[in-house]
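The values are calculated or read from the model by the stated rules, or taken from the named source; none is laboratory data. Quantities reported herein were computed from a predicted structural model and do not represent experimental measurements. All Cβ positions, glycine included, derive from the backbone under ideal geometry; neighbour counts span all protein chains shown.
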Amino acid sequence: MSSHTFLFSSFDNKRPLTARKLHIRRLWDVLHLCIQKHDIARTRRAWLVLARCKEIPWTAHWNIATLILSEGSVSGHNEDDLPAVDFLRTMMLQHPDSREDMLRELVLHFIAHDRCREALDELELYLPSFPYSDNPTLHVYAGLTRLYLAQPSSPGATFNKTGLRDAQSHFERALALDENNAAARVFLEKIPRLMDQDAMTVDHDSEDENDMRVDDDASATDSPSRKRMRT
């Protein structure tokens with residue numbers, strides 16, 4: 001059995017000494033091959049077998065279960081039914097040591113389903129408290145969702161100023177925690193330009209409105225004179 005080679009690293013780096021352990025290691029390789037090939041049906045079947053094995057600490061591999069549930073919700077018809085969300089929230093309660101990683105996954109899952117408002121609500125629930133407040137990635141996610149939700153809701157509308165300021169605050173916090181965070185730096189540089197662009201749009205609209213008022217006043221002034229000329 002010592003001649004057996006495996007494709008992927010395992011939860012247990014020891015060489016399998018029994019036929020059962022060898023079979024589990026082979027199935028572990030099959031699982032990850034199916035994941036890489038995006039074959040979710042076979043991934044699900046392999047995981048259902050592995051999760052029942054006492055040798056597999058399945059709760060430590062919650063990300064695999066989340067992937068399977070996520071793909072199931074994408075192919076389903078009910079957009080409101082997100083089983084991965086319920087699973088992640090349950091796991092967050094049961095495994096506080098992994099809660100930060102699970103929260104990141106939960107936020108990304110909401111964003112992938114175009115539910116940025118719920119993603120932001122989830123972040124705002126945890127970010128005020130430690131250790132989440134010291135997590136630069138979570139602040140970047142919060143800044144990005146704030147920036148997305150602050151976009152103009154209709155043509156001709158402007159960015160929501162409160163949303164832009166909140167996004168700026170999150171990006172600044174992310175940079176304070178991690179000065180090499182490229183995403184936070186890039187978007188932090190964009191926000192002042194968005195604010196200036198909105199200010200120019202407002203000024204331009206005000207000038208147009210003033211011009212219209214001047215034209216209306218001129219028309220009102222000219223109108224009586226024309227009447228007097230006709231008499």
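Within segment 101-146, track down each residue that is in contact with a Phe, Trp or Tyr (Cβ under 9 Å, 6 or more places away or on another chain), more than 19 Å from Asp166 (Cα to Cα) and hydrophobic (A, V, I, L, M, F, W, C).
Selection gives Met102, Leu103, Leu108.
Looking at (1) surrounded by fewer than 17 Cβ atoms within 10 Å (Cβ to Cβ); (2) at pLDDT 90 or above; (3) over 15 Å from Pro192 (Cα atoms), can you tell me which one Gly156 breaks?
Against the list (1) surrounded by fewer than 17 Cβ atoms within 10 Å (Cβ to Cβ); (2) at pLDDT 90 or above; (3) over 15 Å from Pro192 (Cα atoms), Gly156 comes up short only on (2).
Just give me the residues in segment 163-182 being under 15 Å from Ser133 (Cβ atoms) and either among the basic types (Lys, Arg) or outside any helix (DSSP H, G or I) (or both), in sequence order.
Those that are under 15 Å from Ser133 (Cβ atoms) and either among the basic types (Lys, Arg) or outside any helix (DSSP H, G or I) (or both): Arg173, Asp178.
Could you please give the count of residues in segment 60-89 that are of a type in the set (S, T, N, Q) and either at pLDDT 85 or above or within 19 Å of the chain's Cα centre (by Cα) (or both)? Give the steps one after another, and end with the answer.
Keep residues of segment 60-89 that are of a type in the set (S, T, N, Q), which gives 63, 66, 70, 73, 75, 78.
Adding the requirement that they be either at pLDDT 85 or above or within 19 Å of the chain's Cα centre (by Cα) (or both) leaves 63, 66, 70, 73.
Of the residues in that region, 4 qualify.
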